[in-house]
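*Asks:* Have a look at this one before I ask anything.
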């Protein structure tokens, strides 16, 4: 009889412990993915700022829209300084600004094999862009009322790396190559030297907010 009582007590204790385990709150195992991003970009033609929106479309791929504003120059430009320290660029005709909208997909490679916070990726997409020029012989702020518009359209492909710093914040580094030919009217930074392709290699350092 004593053994039966001990067995019953052990069963009751096990049931109580199991019930307590089951009532513990479940850990949140939701994967945090890119939601919004901000960054700075540098290319062989200039530098600027960028921002983007991300939408997961699969376990390892995101659709993204990325808008940038950058000042660019012709690769043939050279800046000189006179005796008094004033800078000038021979044959400089216009300041050139570009505002591209990147529409693309980025895919995390080796996602199932890599368990740490580093995530390599590849990306590809298309880029329509608005191009604005204003006269270089006018002062920077005075020239803001003399913009002329042109357009470019092309695509890009790239590789990159993301690092999850915290649950809600990640750093990213992307190398992309853009092919971005001008459509229609000429875009000239230097006199009599139309810029045919506004693309090239671009480096983007970004800060991504996860959700």
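*Asks:* Hey, how many Å between the Cα centroid of the stretch 54-68 and the Cα centroid of the stretch 142-157?
*Replies:* Centre-to-centre distance over Cα atoms comes out at 25 Å.
*Asks:* Test of understanding: ordering 95, 76, 33 by Cβ neighbours within 10 Å, fewest first, what list do you get?
*Replies:* In order of increasing Cβ crowding within 10 Å: 76, 33, 95.
*Asks:* With a 10 Å Cβ neighbour count serving as the proxy for reagent exposure, in which order, fewest first, do 111, 45 appear?
*Replies:* Ascending Cβ contact count within 10 Å gives the list 111, 45.
*Asks:* Something else about it: For 60, 43, what ranking results if the residue with the fewest other Cβ atoms within 10 Å of its Cβ goes first?
*Replies:* 60, 43
*Asks:* Using r as the Cβ-Cβ distance of residue 58 and residue 38, and R0 as 35 Å, what FRET efficiency do you calculate, to the nearest 0.05?
*Replies:* So the FRET efficiency works out to roughly 0.90.
We did not get these values from a lab; they are worked out from the coordinates using the rules stated. These numbers were taken from a predicted model, which means no experiment stands behind them. Glycine gets a Cβ as well: all are built from the backbone with ideal geometry, and neighbour counts include every protein chain shown.
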